[in-house]
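Peer 1: What follows is a structure written as structure tokens; I'll ask about it next.
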Amino acid sequence: MPARTREKKIIQAWLEAPDRGLIELASDWRGRHSPPVSLGSGGPAFVTLAPAPDLYFAQRNAYHIDYETGKIHFVLHPGQLPGDLRQLPALPKIYLAGDFNDWQHAVGNPKWELRPARRDDADILTWSGPAADFMAQPPKRFKFVTEKHHWLDVPADAFNAVRDDSGNINRQIDPARTGLHLYEFTLATPLDLAAGNRIHWHDDPQATLRPGVFFTEYRTDAPLGAIPRKNETLFRIYAPRATSVELCVIDNLSRVATPHRYPLQRNADHAWEITLAQNLHGWYYWYHIDGAKNEFTRFNPAERILDPYALATVDRDGPGIIIDREKLPSPPRARHNTPAWQDLVICEAHVRDLIARAPIDLTPDERLTFAGLTKWVEHPDFYLHRLGVNCVELQPVQEFDNAARADYHWGYMTNNYFAPESSYATDPARASGIAEFQQLVAAFHRRGIAVILDVVYNHVGEPAHLLHIDQLAYFQTNIDGSLSNWSGCGNDINADSAMARRLIIDSLIHLIETYGIDGLRFDLAELLGLEALKEIESALKKAKSDIILIAEPWSFKGHIAGALRDTGWASWNDGYRNFIRDYVRGGSSPEAYEYNLKGSPWHFAKWPAQTVNYSESHDDRCWLDVITENPDFNGNIPGSKDRRRTRLMAAVLCMSLGIPMFSAGQDFLRSKQGVNNTYLRGDLNALDYTRILRFPGTHAYFAEWIAFRLSSRGALLRHYTRPRDEFFRFFFAENSTAAATLYNADCQLGPRRLLFAINPTDADVTLSLPADVVNQNWRQVADHDRFYSPASPVHPYRAPAANLFLPPLSCVLWETA
């Protein structure tokens, strides 16, 4: 008998629970009997096998076909709407749009409006029409859109999601896959999830039966990691689909090839554990983990796995270092209170950038470490102290994947979330980084500088230890087993997984309790999702009620800042960044200026300190290289307009409501010589402090603005709650973005007022001010060159005028006397 030609009949198969699941066929099945699918000759038989219910198909595909009536029903469940729409008093009108009605033209047309209905005890929105109108080839694409042209995202689990040439994700109607290709089955007993079960077409195994969402809801609440106690050490690791876990321990790194080996036992909640009869504090350990091999696992019994709960590690590969928490030094306590969010002035910086060229006596090794930076922080001339900021945001310090100790790396490729970066330790093999990072945080605190850590929980670095423990428990995975890559780094953490979320929260609480940090900034927080961020906020505020929480609210997938308005998170404001870069070069608009100075109200931020305003971060080109008039984006030798525009940026940043954030070196006109991505370029990123001597006026100007904002005189710029609209009055020059802004115009915060005027253009500007503004007892505080003291002999004593003249690239600040 000739061999049967292998044809792909099964697209995917998954379990909804251990004893029931679904099978998606390549096309509708129209045979008289059920399709020839099974778990193979050695597997359990299906108790039932039947087409999936229409509404199940509709939940995933947003439509289903009623073959009895010949109608197609497009279905939207209100629970699938974005949170900001669900919270409205009344839902907006929602329309069906696609290739069949010219997309945008459907909006506002009653013919295409979805109507409320109730089916199978569920409230839905639906649109119905003849199915034949939608069954053409090529498949018709569609999407739902609100009356305000808000296109609703297509969920990640949609069966019929398609991406167009512009990167837009839509749905499609495939005439060959209308619901009859989806079958539901049940089993008499639950399957062993570690067995690597496969669905067969006849006798051909065509699809691995992967665990569904229920699997990511599994969790253990038992303590994890290596846990020394008086006379014993417990080892426990969560590996739900492993078939074997082996522990290796050594007391000396020279014995890596000949470790003590112990098999772990699996317990009822999917963790593996063993207790050894000795307190192994200071020993080293790793795991070997094996399991079924298929597209949804990455088991490799030869791989040395670093425990995700290891409190310290020798390097990115491990081994982990066993730490008895009872023997950990307590974090040094300085007289320090975390500043209120509205009182923050942040500077983003990198450990090695700060110390590499610091003008103090350090050994080359010290210029790599936490300990070396501590000496710089404690020095009388410490840069950030002289600049005057009260908060530093350190780029990642959790273990990351630089290959060698001296290798420079930004740190956004994390290998372990509990361990401080081993290459920043003076003696990583003895876990010295724990005490040294504690001492660094305490040194910042003694300087009156809060410490925010940049953390990366959206993906992991190489080696990806978590991937070899359980891919589905920790990572977003596509139906073919490939890893989701909205981070751009090759693997996206699944923060909706219970154990991934527990790992995130447990490690963050460890950072707070062990190191005394003040806050956290989350890289690509959009990938964690709103619900995960809410749970993280709740858990961390129980550990530290005044914890500072900042999100980078975007990824390649989307932007989440609007959805964070009703949470306790602040967000990096990329809109502000883009605005200020345009504005100081004569671009942008009066409306954008007003919106950003007010603190990006409502659309971005519900309260002032919810927006982190900045003009430069570590990513992409630095500020000066973006705005320079020099060729090739190289601002290393800045022109006069480059310097003036940089001063205007500092002034606007400090006069805007929200949290101002500077990037280390902006005050002395740092340049990366036009290079766009410097994540491995320690030579370009290291702060060249001699530029303070080259550009002392600009450095002093930044420091004076920061001091003014943090002083009692700058209190009108620091708001806990949003002021009334009448707090501001804006006056714009005709056909220009030049402006004057009156703060506390309605005196809601007392009699003191501020008046800030700016001309970001290359032309002279005169703008009109009303008499009630001009006729006040004003005293000039600053202009585009310097700050003034009343006793200063060079004080210009300039007062506002009804026709206020502003030269090009200038600004002036007044306060009422």
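Peer 1: Can you tell me which of PRO339, PRO331, PRO308 is within 28 Å of the chain's Cα centre (by Cα), of a type outside the set (S, T, N, Q), open to solvent by less than 40 Å² (accessible area, probe 1.4 Å) and at pLDDT below 95?
Peer 2: That would be PRO331, the only listed residue that is within 28 Å of the chain's Cα centre (by Cα), of a type outside the set (S, T, N, Q), open to solvent by less than 40 Å² (accessible area, probe 1.4 Å) and at pLDDT below 95.
Peer 1: If a residue must be assigned to a loop (DSSP other than H, G, I, E, B), more than 20 Å from ILE65 (Cα to Cα) and modelled with pLDDT under 90, how many such residues does the stretch 158-194 contain?
Peer 2: Going through the stretch 158-194 one residue at a time, the tally reaches 5.
Matching residues to (1) open to solvent by less than 20 Å² (accessible area, probe 1.4 Å); (2) not hydroxyl-bearing (Ser, Thr, Tyr):
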site	(1), (2)
GLY388	no, yes
ASN402	yes, yes
ARG405	no, yes
TYR412	no, no
TYR424	yes, no
ALA431	yes, yes
ALA435	no, yes
ALA442	yes, yes
ILE449	yes, yes
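Peer 1: What number of residues within the stretch 414-437 are of a type outside the set (A, V, I, L, M), over 30 Å from GLU526 (Cα atoms) and touching a Pro at 6+ places or on another chain (Cβ under 6 Å)?
Peer 2: Number satisfying all stated conditions: 1.
Peer 1: Within the stretch 9-31, is even one residue open to solvent by 60 Å² or more (accessible area, probe 1.4 Å), free of Cβ contacts under 8 Å to residues at least 24 places away in the same chain and assigned to a loop (DSSP other than H, G, I, E, B)?
Peer 2: no
Peer 1: Restricting attention to the stretch 670-684, and to residues there that are touching a helix residue (DSSP H, G or I) at 6+ places or on another chain (Cβ under 9 Å) and more than 17 Å from TYR614 (Cβ to Cβ), which single residue is surrounded by the most Cβ atoms within 10 Å (Cβ to Cβ)?
Peer 2: SER671
Peer 1: Of everything in the stretch 97-123, what is of a type in the set (S, T, N, Q) and either open to solvent by 70 Å² or more (accessible area, probe 1.4 Å) or in contact with a helix residue (DSSP H, G or I) (Cβ under 9 Å, 6 or more places away or on another chain) (or both)? Give them in sequence order.
Peer 2: ASN101, GLN104
Peer 1: Could you tell me whether ALA131 is in contact with a Leu (Cβ under 9 Å, 6 or more places away or on another chain) and either farther than 18 Å from ILE65 by Cβ or open to solvent by less than 90 Å² (accessible area, probe 1.4 Å) (or both)?
Peer 2: When the stated conditions are applied, ALA131 does not pass them.
Peer 1: Just need a number here: residues in the stretch 275-295 that are in a strand (DSSP E or B) and surrounded by fewer than 16 Cβ atoms within 10 Å (Cβ to Cβ).
Peer 2: Selection size over the stretch 275-295: 1.
Peer 1: Let me ask something else. Mind listing whichever residues of the stretch 134-151 are closer than 28 Å to SER482 by Cβ and crowded, with 17+ Cβ neighbours inside 10 Å?
Peer 2: PRO139, LYS140, ARG141, PHE142, LYS143, PHE144 - these are the residues of the stretch 134-151 that are closer than 28 Å to SER482 by Cβ and crowded, with 17+ Cβ neighbours inside 10 Å.
Peer 1: I would also like to ask the following. Given (1) in contact (Cβ under 8 Å) with a residue 24 or more places away in the chain; (2) open to solvent by 50 Å² or more (accessible area, probe 1.4 Å), identify the lone condition not met by GLU726.
Peer 2: The number of the failed condition is (1).
Peer 1: Where in the stretch 343-397 are the helices (runs of 4 or more DSSP H), entirely inside, with at least 1 residues that are more than 20 Å from GLN439 (Cβ to Cβ) and modelled with pLDDT of 95 or more?
Peer 2: 383-387
Peer 1: A further question follows. What helices (runs of 4 or more DSSP H) completely inside the stretch 508-602 contain at least 3 residues that are under 17 Å from the mean Cα position of the chain (by Cα) and closer than 30 Å to ALA334 by Cβ?
Peer 2: Those helices (runs of 4 or more DSSP H) span 530-543.
Peer 1: Under 7 Å between Cβ atoms, which residue pairs at least 6 apart in sequence (or on different chains) link something in the stretch 98-119 that is closer than 13 Å to TRP151 by Cα and touching a residue at least 40 places away in the same chain (Cβ under 8 Å) with a partner that is open to solvent by less than 50 Å² (accessible area, probe 1.4 Å) and among the hydroxyl-bearing types (Ser, Thr, Tyr)?
Peer 2: Hits for this filter: VAL107/TYR95.
Peer 1: When you go through ARG219, ARG236, ARG261 one by one, which is the residue that is of a type outside the set (Phe, Trp, Tyr), in a loop (DSSP other than H, G, I, E, B) and under 26 Å from GLU399 (Cα atoms)?
Peer 2: ARG219
Peer 1: Restricting to the stretch 264-274, count the residues that are small (Gly, Ala, Ser) and part of a strand (DSSP E or B).
Peer 2: Residues meeting the conditions: 1.
Peer 1: Mind listing whichever residues of the stretch 620-663 are touching a residue at least 40 places away in the same chain (Cβ under 8 Å), of a type in the set (Asp, Glu) and not in a helix (DSSP H, G or I)?
Peer 2: Hit for the stretch 620-663 is ASP620, nothing else.
The values are calculated or read from the model by the stated rules, or taken from the named source; none is laboratory data. Note that the coordinates shown come from a computational prediction; the quantities given were computed from them, not determined experimentally. Neighbour counts run over all protein chains shown; Cβ positions are idealised from the backbone, glycine included. Keep in mind that these areas ignore ligands, DNA and RNA; they rest on the heavy atoms of the full protein, side chains included. Shrake-Rupley method; radii C 1.70, N 1.55, O 1.52, S 1.80 Å.
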